[in-house]
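What follows is a short report on a single structure.
The values are calculated or read from the model by the stated rules, or taken from the named source; none is laboratory data. What you are looking at is a predicted structure, and each value in this text was computed from that prediction instead of being measured. Cβ coordinates were reconstructed from backbone atoms using ideal geometry, including for glycine residues, and neighbour counts include every protein chain displayed. Ligands, DNA and RNA are stripped out before the accessible areas are found, and what is left, the full protein with its side chains, is counted by its heavy atoms. Shrake-Rupley method; radii C 1.70, N 1.55, O 1.52, S 1.80 Å.
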Amino acid sequence: MSAPPETRRLTPPEHYRFGPSVRSLIAVRHDPCARIDGGDFRLAARTPDGPGTLHLSCSRTELTATGHGPGAAWLVERADAIAGLRDETAGFPALAARHPLIARLARTFAGVRMPATGLTFHRLLRAILEQKVTGTEAHRAYRAIVRHFGEPAPGPADLTLPPDPAAVAATPYWTFHPFGVEQRRTETLLRAALVADRLERCPDSADATRRLVALPGIGPWTAAEVVRTVYGDADAVSVGDYHIPNTVAWALAGEARGTDARMLELLEPFRGHRGRVCDLLAAGGIMAPRYGPRMPIRSFARF
């Protein structure tokens, strides 16, 4: 007989917004590993204790966490962090007041919290697939890889576990070509899978960033994308992004184009929450003017 599910009840802060807080944990539309439906969020995960599924159900006054599988206790114990309830926002309003747009966005999205899953490889898989390609290409590859390595997650949610790093590391690179992933990103993924255990044991965001960027094929952009969600690092800035420097330059200085250096200069007054500022600009739909053609959607599987 399977073990009974683990359950924990939490009290979210006033004005907490559940959906926007956990939505970043869903990789793509119809993510095989996660699902959100109104006040219910489900996440399949490979925890240090084994596979598990977390179900978060949010009402006005209570957040209920239910875990299934060998990793249930680990997931339920961390449920508050996964829901963003460990996110420290107390000092941010004073920083946000330094710019009228950021102050307005901070008030509008005050109930949105940053999650911290503590699960590195799943987020790293997504970040590597998102390197230098369109979102459509990355999402298509992510779904194909999850289906290829797919194992059913525990519990009744009908989710699929994220790929096992050991299985990924043992797979030849040409297997990934039909999924639309070229050799460069595949080799980066295989290197990351080989050291996944060490990456999962990093005690904090700084150590994780140091270990990540030491891997060939992983730079500051990929590391920031990972630690912002895995550790809830509100200061992690995705240096090297195609759009964010322009967005920050436009929003904070009225400049249509910006470099990474200019972006970091403009974000410096918000140090400690620079990644949060970038997230707020995205949530508010702030975008720099676009010039020229968009990046084409390609299919490496056809090359």
Please list, in order along segment 146-162, the HN-Hα scalar couplings obtained from phi with the Karplus expression 6.51 cos²θ - 1.76 cosθ + 1.60 (θ = phi - 60°), rounded to whole Hz, x for Gly and Pro.
4, 5, 5, 8, x, 10, x, 7, x, x, x, 7, 6, 9, 10, 5, x
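So if R0 is 30 Å, what FRET efficiency would Ala283 and Arg8 give, r being the distance between their Cβ atoms, rounded to the nearest 0.05? Present the calculation step by step, with values, prior to reporting the outcome.
Values: r = 28 Å, r/R0 = 0.94.
Result of the calculation: an efficiency of 0.60.
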Cα atoms only: what Rg and Dmax, in Å, come out for the chain?
19.2, 62
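What GluC sites (Glu not before Pro) in segment 1-110 are in a loop by DSSP, with at most 14 other Cβ atoms within 10 Å of the Cβ?
Numbers: sites: Glu6, Glu14, Glu62, Glu77, Glu88; in loops: Glu14, Glu62, Glu88.
Taking segment 1-110 and a limit of 14 other Cβ atoms within 10 Å, the loop GluC sites (Glu not before Pro) found are Glu14, Glu62, Glu88.
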Rolling a 1.4 angstrom probe over the protein heavy atoms, how many square angstrom per residue are accessible across segment 7-134?
44
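Whenever you get a sec, compute what percent of the accessible area on segment 11-112 sits on carbon and sulfur atoms (1.4 Å probe).
Working: 2430 of 4830 Å².
Carbon and sulfur: 50 percent of the exposed surface of segment 11-112.
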Kindly identify segment 168-282 as rounded, prolate or oblate by the Cα gyration tensor criterion: order the square roots of the eigenvalues as a ≥ b ≥ c, call it rounded if a/c is under 1.5, otherwise compare a/b with b/c, prolate if a/b is larger, else oblate.
oblate
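Using alpha-carbon pairs under 8 Å, 6+ residues apart, how would you state the relative contact order of segment 1-111 in percent?
On the way: 172 pairs, mean separation 29.8, N = 111.
With pairs under 8 Å counted, the relative contact order is 27 percent.
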For segment 1-131 (alpha-carbon point model, no solvent) the Debye-based log₁₀ I(q)/I(0) at q = 0.11, 0.16, 0.19 Å⁻¹ works out to -0.43, -0.84, -1.09
Once label points are set 7 Å from the Cα along Cα→Cβ at both Asp197 and Arg290, what is their separation, rounded to one decimal in nm?
4.5
Using a 1.4 Å probe and ignoring any ligands, DNA or RNA, find the accessible area of Cys278 and quote it in Å² to the nearest 10.
20
So what is the calculated 222 nm ellipticity per residue for the chain, using -39500 (n - 2.57) for each DSSP H run with n of 4 or more, over all residues, to the nearest 500 deg cm²/dmol?
-11000 deg cm²/dmol
Mean Cα-pair separation over length for the chain, i.e. relative contact order, pairs under 8 Å, 6 or more apart, %
17
Under a 10 Å cutoff between Cα atoms, tell me which one of Phe121, Phe109, Phe41 has the largest fluctuation in the Gaussian network model of the chain.
Phe109
A 1.4 Å probe over the protein heavy atoms gives segment 114-226 a carbon and sulfur accessible-area percentage of 56
Most fluctuating residue of Ala94, Ala208, Ala283 in a GNM of the chain with Cα springs under 10 Å: which is it?
Ala94
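Exactly which trypsin sites (Lys or Arg not before Pro) in segment 12-82 are in a DSSP loop and have at most 16 other Cβ atoms within 10 Å?
Those that pass, being in a loop and sparsely packed, are Arg17, Arg29, Arg60.
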